[in-house]
Amino acid sequence: MSKSVDSSSTSSVLRSSVESLVRPNILRMKAYASARSEFKGMASVYLDANENPFDTGFNRYPDPLQWHLKKEIAALKGIDAKRIFLGNGSDEAIDLLIRIFCEPRIDHILTMPPTYGMYQVSAAVSDVAVKEVPLTSDFQPDVEGVLAAADEHTKILFACSPNNPTGNCMQPDLLRKLLENFSGILVVDEAYVDFSEAESCTAWLDEFPRLVVLQTFSKAWGQAGIRLGMAFAGEEIIALFNKVKPPYNVNQLTQDAAVMSLENTEEKDDWVDTILAQRAQLKEELKGLSFVEKVYPSDANFLLVKVTDADDLYNFLVENEIIVRNRSRVHLCEGCLRFTIGTELENAILMGALVDYAAS
Ligand SMILES: *Cc1c(COP(=O)(O)O)cnc(C)c1O
């Protein structure tokens, strides 16, 4: 395993195969063969799945591989449908990745806190340890630190960009250094990419078979309730996802709702424009408040804000029926609250309360 950012080590890392990282039991096992996966054509009489024959609109099992929906996503993103996995939220993809690659109590994942909490929770459920290499003070990956901490049991490195809760993008050159020198699976979680000017790392999928990019319908698309997450990766990793996933992990209602949502990309783009304009306005207004010490730059639909007494402000807002996220006990986010950008009215209500707090 290479431990330095040295281009001469790159070629050997690129050669390390996905297969060698997979848990042996996952390589050995045979996937469940559902009725719908054994017969793929069109027929007029379906008596293979013990379904109720009477048409309710939902009496049939859904397509286990969601091809119709994947083709729409493929067209929108310019990515081959065979390079897409869809899950019950991106949280399902995170959980499956850990179960595919990490042998409980032997392998571990690596995270770069402060970051999204689900990497750690999913690892804990699988009895997989978490190694942490904190972000630098400007919330960028500590590449040397990560490579020094990684060993042959470091199966997955999670990089969240734009990062939750700090809001910033990771520098593409640093992500590339990680990709070129870390020999495990690099997961780039792009849940907030639609709010950012940055290019998606999906552009690098051809080059790096050990790259997984996560996106979701939960944020910009306004579909958190349907639970639909996307993972983009090489066909080898997609095949592993499909092998271990529950056969019907994305239900028919969700597939239908997502197809409808994809017909409305203009509405999504309008929401994003409005949220970005509101983010800029709220940021300016926050900077004028006496108790606000810092508003961090954001590439996401939230602002991380450092204040003089985070717990006191949090409690004041709760008393005013305004719920924000208290991140003040998170390393590198000491004293910070995280404000999701709401509607113009919601942001005005928040600002009104903050002005009252300043005066109190
Ligand atoms: C909100 C969020 C997600 C979305 O998860 P879903 O399961 O798709 O709703 C993923 N990653 C990060 C970092 C998030 O903040």
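Below is a table of values for the structure above.
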quantity	calculated
Å² of accessible area per residue within the chain, as computed with a 1.4 Å probe and no ligands counted	47 Å²
Beta bridges by DSSP in the chain, antiparallel share as percent, to the nearest 5	55 percent
Surrounding net charge for P165, when Lys and Arg each add one and Asp and Glu each subtract one, Cβ distance under 9 Å	+3
Taking segment 202-360 and dividing mean pair separation by its residue count, relative contact order in percent (alpha carbons under 8 Å, at least six apart)	16 percent
Prolate/oblate/rounded call for segment 83-225, Cα gyration tensor, a/c under 1.5 rounded	rounded
Relative packing of 170-181, 323-334, which averages over residues the other C-beta atoms within 10 Å, highest first	170-181, 323-334
Local net charge near I79, Cβ-Cβ under 12 Å (Lys/Arg +1, Asp/Glu -1)	+1
Around D48: net Lys/Arg minus Asp/Glu count, Cβ-Cβ under 13 Å	+1
For the chain, the fraction of alpha-carbon pairs in successive 10 Å shells from zero, as %	5, 22, 29, 24, 14, 5, 1, 0
Range of Cα positions in segment 109-160 per principal axis (Å), largest first	31, 24, 12
Shape category assigned to segment 189-310 from the gyration tensor of Cα positions, a/c cut at 1.5	prolate
Radius of gyration and maximum dimension Dmax of segment 286-360, Cα, Å	11.4, 32
Global form of segment 142-181, assessed from the alpha-carbon gyration tensor, a/c cut-off 1.5	prolate
Of A231, A81, A277, the one that fluctuates the most in a GNM where the chain has Cα springs shorter than 10 Å	A277
Per DSSP, loop trypsin sites (Lys or Arg not before Pro) in segment 37-128 with at most 14 further Cβ within 10 Å	K40, R105
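The values are calculated or read from the model by the stated rules, or taken from the named source; none is laboratory data. Being a predicted model, the structure only gives us computed values, none of them experimental. Cβ coordinates were reconstructed from backbone atoms using ideal geometry, including for glycine residues, and neighbour counts include every protein chain displayed. Side chains included, ligands, DNA and RNA excluded: accessible areas come from the protein's heavy atoms. Shrake-Rupley method; radii C 1.70, N 1.55, O 1.52, S 1.80 Å.
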